[in-house]
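Heads up, the thing below is written out as structure tokens.
The values are calculated or read from the model by the stated rules, or taken from the named source; none is laboratory data. The structure presented is a predicted model; accordingly, all values stated were derived computationally and were not measured. Cβ sites come from the backbone with ideal geometry, for glycine too, and all protein chains shown count toward neighbours. SASA here: full protein model, heavy atoms, side chains in, ligands and nucleic acids out. Shrake-Rupley method; radii C 1.70, N 1.55, O 1.52, S 1.80 Å.
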Amino acid sequence: MSVTKGVCPLTMRQIVDEYFIENRTKLLDIAAFLDRIERSSDQEDPSKDFRLRVFRKALDILSEDGQSRVLRMQMLLSDPTTAPRTVLDQKSAKGAWDDQEAAR
Amino acid sequence: MRYIEMHAHMVSRTTDDYERMALTGCVAVSEPAFWAGWDRSTPEGFEDYFRQLTEFEPKRAQQYHIQHYTWLCLNPKEGDDRKLATEVVKRIPKYLDRPGVLGIGEIGVNRITLNEIETFKDHVQLAVDHNQMILIHTPHLEDKYKGTKIIVDNLLKFQKLDPSRVLVDHAEEHTIDMILSNGFHTGLTLYPNTKVSAQRAVDLVEMYGTERICVASACDWGPSVPVALPYFMMEMRRRKHPESLIDTMVYRNPAAFLEQSPKFMLPGEAQPAAVPAAK
Ligand SMILES: [Zn+2]
């Protein structure tokens with residue numbers, strides 16, 4: 001038994017019926033997250049944080065048409081460099097690539 | 001419904017978790033060696049861990065009629081310490097003949113340092129020298145794409161390595177193609193926040209088919225769900241995928257990969273399963 005590659009067995013209407021409410025919730029969570037940042041106690045400029053700069057670009061991908069939004073989103077969030085680090089900086093990843101890491 | 005948990009760090013789970021897994025149909029678990037969340041200070045510390053994985057943990061699993069298998073290594077999070085890694089790699093062979101040991105894992109890279117890559121290559125050479133299967137960890141979040149590429153590129157340099165005996169785990173949308181197209185098996189790991197959700201895992205099955213893809217909880221000491229596979233099965237049903245396809249993903253695919261080790265036996269088998277020819 002195999003799947004038809006690239007096809008979800010549900011119709012468009014079934015996918016929307018099944019998943020609309022939970023994805024509506026995710027949209028509202030993102031909107032509330034961005035509002036929360038604007039209510040921050042120090043009123044710091046969000047564009048100073050590399051993660052939020054990437055987040056803004058990710059929102060653009062959501063509203064674009066075309067091939068695999070998730071793939072483009074993954075690449076946007078990835079380190080695009082190819083050379084190994086010469087020294088270990090920290091054990092944990094940060095969630096987005098810091099485009100100013102190399103400059104420091 | 002029956003399932004095989006391909007990747008679970010049971011040493012950091014409670015006995016209640018074994019019970020929940022057994023109640024939801026888990027018949028076997030494969031446990032790779034990993035990072036404890038803090039660095040071990042000595043090679044002897046690793047030997048104690050290897051004894052835990054090969055002596056104590058199988059007994060705990062057996063209480064719930066779950067077969068326990070394991071993979072040994074020094075994990076990528078500690079791989080930057082070359083002195084420690086070299087010493088631990090020397091000590092692994094004496095554990096390889098133990099009954100539940102299927103191979104070397106989970107090895108790989110973490111922050112993709114030069115040292116981590118050397119430690120990774122030492123482990124691959126160890127596996128080649130001892131004809132062991134390999135289970136590979138790929139890095140987290142922004143490091144995943146770069147790390148997976150470096151891992152795959154390095155694996156391809158080992159000419160004696162049979163890719164069908166290697167599973168490159170924690171694949172996501174941007175890494176699955178490079179893993180499968182080079183002949184390796186892959187795993188999708190279901191995490192609440194990082195890695196893939198059950199929905200995205202089913203999306204990937206719909207996009208890439210079922211061949212050489214396993215699904216696992218990869219549960220450990222962090223936020224993770226030891227019964228994530230039943231949630232994956234539920235998501236498959238939500239999409240109207242047939243039960244036979246679900247069985248392929250959660251039972252037959254992991255069995256097909258693990259059976260390449262003569263030590264792996266499906267539940268109820270008196271004799272070790274035959275080793276299938278490499279594809
Ligand atoms: Zn793991």
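So which of B:Glu57, B:Glu78, B:Glu31 is within 14 Å of chain A (Cβ to nearest Cβ) and either more than 16 Å from the ligand (Cβ to nearest atom) or modelled with pLDDT of 95 or more (or both)? On inspection, the qualifying residue turns out to be B:Glu78.
Of all the numbered requirements in (1) at pLDDT 95 or above; (2) part of a loop (DSSP other than H, G, I, E, B); (3) polar (S, T, N, Q), A:Ser92 misses one, and that requirement is (1). Of all residues assigned to the stretch A:72-81, at least one qualifies as being over 29 Å from B:Trp38 (Cα atoms), facing another protein chain (nearest Cβ under 8 Å), of a type in the set (A, V, I, L, M) and not in a loop (DSSP other than H, G, I, E, B). Only a single criterion out of (1) over 16 Å from the mean Cα position of the chain (by Cα); (2) of a type outside the set (Lys, Arg); (3) open to solvent by less than 60 Å² (accessible area, probe 1.4 Å) is not satisfied by B:Gly187, namely (1).
Considering (1) open to solvent by 40 Å² or more (accessible area, probe 1.4 Å); (2) part of a helix (DSSP H, G or I), the lone condition that B:Glu142 does not fulfil carries the number (1). For A:Lys5, the criteria (1) away from chain B (no Cβ under 12 Å); (2) open to solvent by 90 Å² or more (accessible area, probe 1.4 Å) hold in every case but one, which is (1). When A:Thr11 is tested against the conditions (1) within 13 Å of the chain's Cα centre (by Cα); (2) open to solvent by 70 Å² or more (accessible area, probe 1.4 Å); (3) within 12 Å of chain B (Cβ to nearest Cβ), the lone failure is (1).
For the stretch B:1-25, a residue qualifies if it is open to solvent by 40 Å² or more (accessible area, probe 1.4 Å) and either away from the ligand (no atom under 16 Å from the Cβ) or in a strand (DSSP E or B) (or both), and the qualifying residues are B:Met1, B:Arg2, B:Thr14, B:Thr15, B:Asp16, B:Glu19, B:Arg20, B:Leu23, B:Thr24. Among the residues making up the stretch B:26-44, those that are closer than 21 Å to B:Val109 by Cα and surrounded by fewer than 15 Cβ atoms within 10 Å (Cβ to Cβ) are B:Gly37, B:Trp38, B:Asp39, B:Ser41, B:Thr42.
Kindly indicate whether A:Pro84 is at the interface with chain B (Cβ under 7 Å from one of its Cβ atoms), free of Cβ contacts under 8 Å to residues at least 40 places away in the same chain and surrounded by 11 or more Cβ atoms within 10 Å (Cβ to Cβ). When the stated conditions are applied, A:Pro84 passes them. Pairing each residue of the stretch B:9-34 that is on the phi > 0 side of the Ramachandran plot with any residue that is assigned to a helix (DSSP H, G or I) and aliphatic (A, V, I, L, M), provided the two are 6+ apart or on different chains, yields C-beta distances under 9 Å for B:Gly25/B:Leu229; B:Gly25/B:Met233; B:Gly25/B:Val250. For the condition open to solvent by 40 Å² or more (accessible area, probe 1.4 Å), over 17 Å from the mean Cα position of the chain (by Cα), within 23 Å of A:Ser92 (Cα to Cα) and of a type in the set (A, V, I, L, M), B:Leu84 does not qualify. Answer with yes or no whether B:Val205 is away from chain A (no Cβ under 14 Å), hydrophobic (A, V, I, L, M, F, W, C) and without any contact (Cβ under 8 Å) to a residue 60 or more places away in the chain. In short, no. If I filter the stretch B:247-256 for residues that are away from the ligand (no atom under 16 Å from the Cβ), surrounded by fewer than 20 Cβ atoms within 10 Å (Cβ to Cβ) and over 26 Å from B:Gln132 (Cβ atoms), do I get at least one hit? Yes - at least one qualifying residue is present in the stretch B:247-256. Residue-level check: of (1) in contact with a His (Cβ under 6 Å, 6 or more places away or on another chain); (2) within 14 Å of another protein chain (Cβ to nearest Cβ), B:Val196 misses just (1).
Could you list all residues from the stretch B:66-81 that are free of Cβ contacts under 8 Å to residues at least 40 places away in the same chain and either part of a helix (DSSP H, G or I) or more than 18 Å from A:Asp89 (Cβ to Cβ) (or both)? B:Leu72 - this is the single residue of the stretch B:66-81 that is free of Cβ contacts under 8 Å to residues at least 40 places away in the same chain and either part of a helix (DSSP H, G or I) or more than 18 Å from A:Asp89 (Cβ to Cβ) (or both).
In this structure, is A:Asp42 over 22 Å from B:Glu173 (Cβ atoms) and outside any helix (DSSP H, G or I)? Against the criterion (over 22 Å from B:Glu173 (Cβ atoms) and outside any helix (DSSP H, G or I)), A:Asp42 qualifies. Do we find that B:Ile117 is among the β-branched types (Val, Ile, Thr) and away from chain A (no Cβ under 14 Å) in this structure? Here the answer is no, as B:Ile117 does not meet what is asked. For the stretch B:82-103, residues that are in contact with a His (Cβ under 7 Å, 6 or more places away or on another chain) and assigned to a loop (DSSP other than H, G, I, E, B) total 2.
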